[in-house]
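Each remark here refers to the structure printed beneath this line.
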Amino acid sequence: ELQIKQVISWMEKTNEKIQSNKEYLTSLDQAIGDGDHGLNMARGFQEVVNKLSSSNYTYVSDVLKDVSMTLLSKVGGASGPLYGTAFLKMSTALKGIETVDYPQFKKAVVEAVNGVKERGKANKGEKTMIDVWEPIVDFLQKQDNLEAKELESTAEKAMEATQDLKATKGRAAYLKERSIGHLDPGSVSSYYIFAALSEVLE
Ligand code: ADP
Ligand code: MG
Ligand code: MG
């Protein structure tokens, strides 16, 4: 069961990880992008936490809606609309549900990945955040209960595997073969999102 206070805590923990790894995310994006991913994410998630702490919620879907709208308006770049879409799809999938159970949450994450793929016109293997989100969906589909530790390690392995991929979407695609050997910045920020989720679910 996923409650409002857990979703808020999920976003707070995500923000902590992003703030403390802001320079790292920037350096990853300097290597194969334009070097703004740390700044984009740090700005966006700080605004998310500010928004959530100054609001009252009845439904998990309303929290996720505010997360989405804040990311859409504050993050910018390619990642803003994509993360905004992910949280908007989760919100829509959980609309009107007061206590979210595991199957409902799983369904919401599936919707989120489908939304990101549609919006980014990308699939698994193109060295984008999808290379973390899709393995997470595959993992969730196999589980009857959410194993927090395994969720974290699944996300970590998926994030690390982006190093060997050649980028065919986003700015890194301009580098072609030269994108190989670097982690995808958006996969690292997505790893923080799922690592934070696993801490909340423990
Ligand atoms: P920008 O590239 O516009 O500067 P960011 O640096 O904030 O935006 O985000 C870059 C990240 O966005 C990439 O590392 C990648 O994970 C993700 N990304 C870029 N393009 C796409 C796409 N078409 N589909 C999915 N994810 C993408
Ligand atoms: Mg960038
Ligand atoms: Mg940019």
- Query: For the chain, what size does the Cα cloud have along each of its three principal axes, sorted from largest down, in whole Å?
  - Reply: 48, 36, 28
- Multiply the residue separation of LYS176 and ILE97 by 0.36 nm, subtract the distance between their alpha-carbon atoms, and state the gained length in nm to one decimal. 24.0 nm
- So what does SER153 come to for accessible area, using a 1.4 Å probe and Å² rounded to 10? 40
- Item | Calculated from backbone phi, Karplus (6.51, -1.76, 1.60) coupling profile of the stretch 156-168 in Hz, x at Gly/Pro | 5, 4, 5, 4, 5, 5, 5, 4, 7, 8, 9, 6, 10
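Carbon and sulfur: what percent of the stretch 150-202's accessible surface (1.4 Å probe)? Write down the numbers at each step before the final one.
Details: 1210 of 2490 Å².
Carbon and sulfur together cover 48 percent of it.
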- Task: Amide H neighbours of VAL100 under 5 Å, at least 5 residues apart or on other chains, H built in the peptide plane: list them.
- Result: LEU2
- Item | Of all accessible heavy-atom area on the stretch 1-149, the percent that carbon and sulfur account for (1.4 Å) | 45
- Query: Roughly speaking, what is the centre-to-centre gap between the stretch 161-186 and the stretch 29-80 when only Cα atoms are used, to the nearest Å?
  - Reply: 23
- Per residue, in Å², the accessible surface of the stretch 23-166 once ligands and nucleic acids are set aside, probe 1.4 Å: 46
- Note on the structure: Measuring from the longest principal axis of the C-alpha atoms of the chain, the long axis of helix 185-201 (C-alpha) lies at a number of degrees, nearest 10, equal to 30
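Out of the trypsin sites (Lys or Arg not before Pro) in the stretch 104-137, which ones are loop residues according to DSSP with at most 11 other C-beta atoms within 10 Å? Display every interim value, and only then the final one.
On the way: sites: LYS106, LYS107, LYS117, ARG119, LYS121, LYS124, LYS127; in loops: LYS121, LYS124, LYS127.
Those satisfying the criteria are LYS121.
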- Message: Let me check something: with ligands and nucleic acids excluded, how do ASP66, ASP138 order by accessible area (1.4 Å probe), largest to smallest?
- Response: ASP138, ASP66
- Task: Sticking to Cα atoms, compute the Rg of the stretch 1-98 to one decimal and its Dmax as the biggest Cα-Cα distance, whole number, in Å.
- Result: 13.7, 44
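With charges only on Cβ, +1 for K and R and -1 for D and E, what is the dipole size of the stretch 62-202 about its Cα centre, in debye, rounded to 20?
Details: 19 positive and 21 negative charges, 171 e Å.
About 820 debye.
Can you compute the charge dipole magnitude of the stretch 4-89 about its Cα centre, using +1 on each Lys and Arg Cβ and -1 on each Asp and Glu Cβ, nothing else charged? Give it in debye, rounded to the nearest 20.
Numbers: 9 positive and 9 negative charges, 55 e Å.
Computed charge dipole of the stretch 4-89: roughly 260 debye.
The values are calculated or read from the model by the stated rules, or taken from the named source; none is laboratory data. The model shown is predicted, which means the values in this text are computed figures rather than measured ones. Here the Cβ is made from the backbone with ideal geometry for all residues, glycine too, and neighbour counts use every protein chain on show. Ligands, DNA and RNA are excluded from the accessible area calculation, which covers all protein heavy atoms including side chains. Shrake-Rupley method; radii C 1.70, N 1.55, O 1.52, S 1.80 Å.
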